[in-house]
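The values are calculated or read from the model by the stated rules, or taken from the named source; none is laboratory data. The shown structure was predicted, so the numbers you read here are calculated from the model rather than taken from an experiment. Counting neighbours? That spans all protein chains shown, and the Cβs are built from the backbone with ideal geometry, glycine included. Side chains included, ligands, DNA and RNA excluded: accessible areas come from the protein's heavy atoms. Shrake-Rupley method; radii C 1.70, N 1.55, O 1.52, S 1.80 Å.
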Amino acid sequence: MGATRDGDQSVCLRCGEAGGSVRERGRISLMASYCQRCWDTLANEMAEADGATATPSPEPDPDDVTWIEPPVCPECGALIRVCPTTYDRWVSLAVVELPAKDVPEAFRWRLMRLPTRSPIPANIVAVRVRGIDPLPGEPVVPAHSMMCVPEWGEP
């Protein structure tokens with residue numbers, strides 16, 4: 001958690017603000033507290049560095065029983081997997097896993113299941129592979145931007 005001041009009041013790790021908007025942020029526990037302004041700045045910086053600039057999928061209407069088509073890339077038309085990141089931004093990933101040796105370091109992601117009581121994976125987040133490099137044969141999910149080849153018009 002973030003530093004505390006006067007008992008249980010959390011303090012933003014970035015700007016030092018104490019108040020009601022300071023809390024733990026993200027989809028997993030980052031063990032850090034930020035105010036909304038600092039969190040937005042930090043998350044946007046991470047998203048830009050990671051290429052996590054996809055728009056979230058719309059929430060389906062619970063009463064609508066029509067088939068939901070899988071998302072496709074507007075550039076190349078390939079199927080993509082749009083996943084939330086640990087820092088509340090969205091990334092377009094390829095739908096296949098590849099060995100880490102075939103994916104450049106900047107494009108390596110893993111899908112992590114959030115802890116729940118259900119055996120059905122309901123909440124999955126994308127986590128960038130950093131710090132410790134995976135073994136060459138370990139599967140990783142590449143960012144779609146690595147595999148995207150835009151369709152060119154007729155010559």
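A single entry from Glu17, Glu59 fulfils the requirement of being in contact with a Cys (Cβ under 7 Å, 6 or more places away or on another chain) and of a type in the set (D, E, K, R): Glu17. Counting only strands (runs of 3 or more DSSP E) that sit wholly inside the stretch 45-155, those with at least 1 residues that are of a type in the set (Phe, Trp, Tyr), at negative phi and at pLDDT 90 or above are 90-93, 108-113. Report whether or not Pro115 is under 28 Å from Cys35 (Cβ atoms), of a type outside the set (A, V, I, L, M, F, W, C) and open to solvent by 70 Å² or more (accessible area, probe 1.4 Å). Judged against the criteria, Pro115 is a match. Number of residues in the stretch 20-44 that are in a loop (DSSP other than H, G, I, E, B), open to solvent by 40 Å² or more (accessible area, probe 1.4 Å) and of a type outside the set (S, T, N, Q): the value is 5. Put simply, of Arg108, Arg128, Arg89 the only residue that is surrounded by 18 or more Cβ atoms within 10 Å (Cβ to Cβ), under 29 Å from Arg37 (Cα atoms), touching a residue at least 60 places away in the same chain (Cβ under 8 Å) and of a type in the set (D, E, K, R) is Arg128. On inspection, Ile80 qualifies as in contact (Cβ under 8 Å) with a residue 40 or more places away in the chain and either closer than 25 Å to Pro142 by Cα or basic (Lys, Arg) (or both).
Output the residue which, of all residues in the stretch 4-19 that are of a type in the set (Gly, Ala, Ser) and either open to solvent by 60 Å² or more (accessible area, probe 1.4 Å) or not in a loop (DSSP other than H, G, I, E, B) (or both), is modelled with the lowest pLDDT. It comes out as Ser10.
Among what's in the stretch 131-147 and is surrounded by 16 or more Cβ atoms within 10 Å (Cβ to Cβ) and of a type in the set (A, V, I, L, M), pick the residue that is farthest from Leu30 (Cα to Cα). Here the answer is Met147. Here Trp67 fits the description: aromatic (Phe, Trp, Tyr) and open to solvent by 60 Å² or more (accessible area, probe 1.4 Å).
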